[in-house]
Structures are given as C-alpha cells and as structure tokens.
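J.: Quick one: the structure is below, questions incoming.
The values are calculated or read from the model by the stated rules, or taken from the named source; none is laboratory data. Quick caveat, the model's predicted, so the values are computed rather than measured. In this analysis, Cβ positions are derived from the backbone assuming ideal geometry, glycine residues included, and neighbour counts consider all displayed protein chains.
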Amino acid sequence: MPIVPPPTAWAFPPADTADEHGVVGVGADLEPGTLLSAYRTGLFPMPVVERRSIAWWSPDPRGVLPLDDLRVTRSLRQSCRRFEIRIDTAFGEVVDGCRDPRRDGGWISPAIKVAYERLFDLGWAHSIEAWTPDGRLAGGLYGVAIGGLFAGESMFHRERDASKVALVGLVEHLRSRGGSLLDVQWTTDHLATLGALDIPRSEYLRQLADAVSSPVVLFG
C-alpha cells in the first residue's frame with residue numbers, strides 16, 4: 001500500500017475556477033502531499049512558460065482514455081509482440097526519457113523529476129515500460145495512481161510504437177485491477193488515434209470523485 005505523506009500546507013482554488021487557459025493558480029510547492037491533493041481535486045502541475053513557477057492546471061475539456069475504448073490496430077498488436085511490458089522497474093529512466101531536452105516542448109524540470117521520484121518511493125507514482133528482448137528500454141510512460149484513477153503524466157519512445165505498447169500494457173493492467181479513470185490531460189492527435197477523447201471538466205470532476213474514492217489498489 002502507498003505511504004501517506006504529511007498533508008499539504010496549501011489550499012487550492014476549485015478546479016472549475018480555472019482561467020481560459022486552464023490555469024487555476026501559480027505557486028505552492030511539489031511536496032508529495034501537495035501533488036496528491038492536486039490530483040484528488042482535478043489539478044496537475046506544469047511549469048509556466050518562463051519555468052520559474054509551477055502552474056496548476058484544470059483544462060476544459062479534459063482528455064481521458066476510456067478503458068473499454070482503447071483502439072489497438074493490427075500493426076499495433078504486432079508491435080505488442082515485440083516488447084515485454086514491465087512495471088516500476090526503471091522509473092527514473094522513464095522520467096529521463098520523457099524529459100529528454102532534445103524533445104520538442106519538454107517541460108520536465110529537475111525539480112519535477114525529483115518530486116515524482118519521491119511519489120514513486122512512497123508508492124503513488126508508477127512507470128509502465130516496454131523492453132526489447134535483449135534488455136533495452138524502448139519506451140514507456142509514468143503517472144500517478146489514486147484509488148481507481150491513473151493520471152498519466154508523460155510518455156516517450158526510442159523505438160517505433162514502444163510508447164503505444166506501454167499504453168496498451170497500462171490499460172490492460174488497469175482493467176485487471178478495477179481501474180475506472182485514465183486521465184491524459186489533453187487529447188493530442190496521437191492519443192486520439194488510440195481512443196482518447198475530450199469530456200467537459202464537470203464530467204471529468206464527477207468521474208474523478210468516484211475514482212479517487214474507490215477502494216481498489218491499482219499497483220502493488
């Protein structure tokens with residue numbers, strides 16, 4: 001079971017008070033209790049453009065991937081046979097892959113990495129990894145699990161389809177453990193091809209409340 005950290009010293013505004021960009025507020029800290037409080041109330045952190053402060057986001061609409069609507073094409077199914085799925089065996093390496101400075105739009109700062117590694121050590125953050133038969137990490141994703149919620153943070157690949165295969169592995173794992181909500185934050189074209197869609201913030205918050213109050217244990 002995850003270790004419960006000390007509660008946050010911060011009080012977040014309601015998620016539905018976000019501005020037109022989806023930002024609820026700027027500041028606070030990245031302590032484990034703060035991060036968990038944010039996810040439970042529908043927020044997630046991402047640095048503002050100048051990267052001097054953390055902004056807390058609640059976009060409307062919100063991107064989710066319904067667990068029963070994952071689209072696995074024939075070619076992706078073939079790719080799944082090329083990789084082995086592992087869980088939580090290389091969390092730091094997955095975060096490093098996601099924060100590769102050569103990637104466009106990289107936003108994962110050293111402070112973000114440290115914060116999520118602390119959540120991992122406490123049993124709240126997790127990585128899903130796609131490995132080659134010869135033992136190389138080909139791609140993966142990481143995120144935060146609370147009750148029936150998995151809040152995806154970022155994904156990467158070093159070989160074709162490896163991040164998609166990791167996502168397939170995640171969805172299969174969540175289904176097997178009774179997960180109910182896979183949050184992808186924003187629905188990109190890439191995620192839309194896999195079944196992700198936009199829902200109103202109000203509907204997301206309703207599903208979130210049910211998910212985080214669920215007694216299921218997704219990992220461990």
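J.: Can you tell me which of (1) touching a helix residue (DSSP H, G or I) at 6+ places or on another chain (Cβ under 6 Å); (2) in contact (Cβ under 8 Å) with a residue 60 or more places away in the chain; (3) of a type in the set (Ser, Thr, Tyr) is the one residue 75 doesn't meet?
T.: The single condition residue 75 does not satisfy is (1).
J.: Also: Across the range 43-63, which residue is modelled with the lowest pLDDT among those that are assigned to a loop (DSSP other than H, G, I, E, B) and touching a strand residue (DSSP E or B) at 6+ places or on another chain (Cβ under 8 Å)?
T.: 48
J.: Select from the range 10-55 the residues that are without any contact (Cβ under 8 Å) to a residue 12 or more places away in the chain and either in contact with a His (Cβ under 6 Å, 6 or more places away or on another chain) or small (Gly, Ala, Ser) (or both) and list them in ascending order.
T.: Passing the criteria: only 11.
J.: Kindly establish whether residue 66 is modelled with pLDDT under 95, surrounded by 12 or more Cβ atoms within 10 Å (Cβ to Cβ) and not hydrophobic (A, V, I, L, M, F, W, C). Give the steps one after another, and end with the answer.
T.: Numbers: modelled with pLDDT under 95: no; surrounded by 12 or more Cβ atoms within 10 Å (Cβ to Cβ): yes; not hydrophobic (A, V, I, L, M, F, W, C): yes.
No, not satisfied.
J.: OK, next. Report whether or not residue 219 is farther than 17 Å from residue 108 by Cβ, modelled with pLDDT of 95 or more and either out of contact with any Cys (no Cβ under 7 Å at 6 or more places or on another chain) or crowded, with 17+ Cβ neighbours inside 10 Å (or both). If you could, list the steps in order and put the result at the bottom.
T.: Numbers: farther than 17 Å from residue 108 by Cβ: yes; modelled with pLDDT of 95 or more: yes; either out of contact with any Cys (no Cβ under 7 Å at 6 or more places or on another chain) or crowded, with 17+ Cβ neighbours inside 10 Å (or both): yes.
For residue 219, the condition - farther than 17 Å from residue 108 by Cβ, modelled with pLDDT of 95 or more and either out of contact with any Cys (no Cβ under 7 Å at 6 or more places or on another chain) or crowded, with 17+ Cβ neighbours inside 10 Å (or both) - is met.
J.: Do we find a residue being touching a Leu at 6+ places or on another chain (Cβ under 9 Å), of a type in the set (Lys, Arg) and in the same structural domain as residue 114 (by TED's automatic domain parsing) anywhere in the range 63-81?
T.: Yes; the residues of the range 63-81 include at least one that is touching a Leu at 6+ places or on another chain (Cβ under 9 Å), of a type in the set (Lys, Arg) and in the same structural domain as residue 114 (by TED's automatic domain parsing).
J.: Taking the range 78-89 only, how many residues are basic (Lys, Arg) and either assigned to a loop (DSSP other than H, G, I, E, B) or free of Cβ contacts under 8 Å to residues at least 24 places away in the same chain (or both)?
T.: The first filter runs over the range 78-89 and keeps only residues basic (Lys, Arg), leaving 81-82, 86.
Checking the rest, the ones that are also either assigned to a loop (DSSP other than H, G, I, E, B) or free of Cβ contacts under 8 Å to residues at least 24 places away in the same chain (or both) come to 81-82.
Total satisfying the criteria: 2.
J.: Answer yes or no as to whether residue 148 is over 24 Å from residue 31 (Cα atoms) and either of a type in the set (Val, Ile, Thr) or assigned by TED's automatic domain parsing to the domain that holds residue 84 (or both). Give the derivation first.
T.: On the way: over 24 Å from residue 31 (Cα atoms): no; either of a type in the set (Val, Ile, Thr) or assigned by TED's automatic domain parsing to the domain that holds residue 84 (or both): yes.
Answer is no for this residue.
J.: Within the range 162-191, count every residue that is more than 16 Å from the chain's Cα centre (by Cα) and either outside the structural domain of residue 151 (by TED's automatic domain parsing) or of a type outside the set (D, E, K, R) (or both).
T.: 3
J.: Please specify each residue of the range 37-47 satisfying the condition of being out of contact with any helix residue (DSSP H, G or I) (no Cβ under 8 Å at 6 or more places or on another chain) and closer than 18 Å to residue 113 by Cβ. Show your work before the answer.
T.: Taking the range 37-47 first, the residues out of contact with any helix residue (DSSP H, G or I) (no Cβ under 8 Å at 6 or more places or on another chain) are 37-38, 46.
If the condition is that a residue be out of contact with any helix residue (DSSP H, G or I) (no Cβ under 8 Å at 6 or more places or on another chain) and closer than 18 Å to residue 113 by Cβ, then 38, 46 are the ones that fit.
J.: Can I ask one more? Of the conditions (1) over 20 Å from residue 79 (Cα atoms); (2) in contact with a helix residue (DSSP H, G or I) (Cβ under 6 Å, 6 or more places away or on another chain); (3) acidic (Asp, Glu), residue 161 clears all except one; give me its number.
T.: Of everything listed in (1) over 20 Å from residue 79 (Cα atoms); (2) in contact with a helix residue (DSSP H, G or I) (Cβ under 6 Å, 6 or more places away or on another chain); (3) acidic (Asp, Glu), residue 161 misses just condition (1).
J.: Okay, moving on. Go through (1) closer than 21 Å to residue 210 by Cβ; (2) in contact with a strand residue (DSSP E or B) (Cβ under 7 Å, 6 or more places away or on another chain); (3) of a type in the set (A, V, I, L, M); (4) in a loop (DSSP other than H, G, I, E, B) and name the single condition residue 38 misses.
T.: (4)
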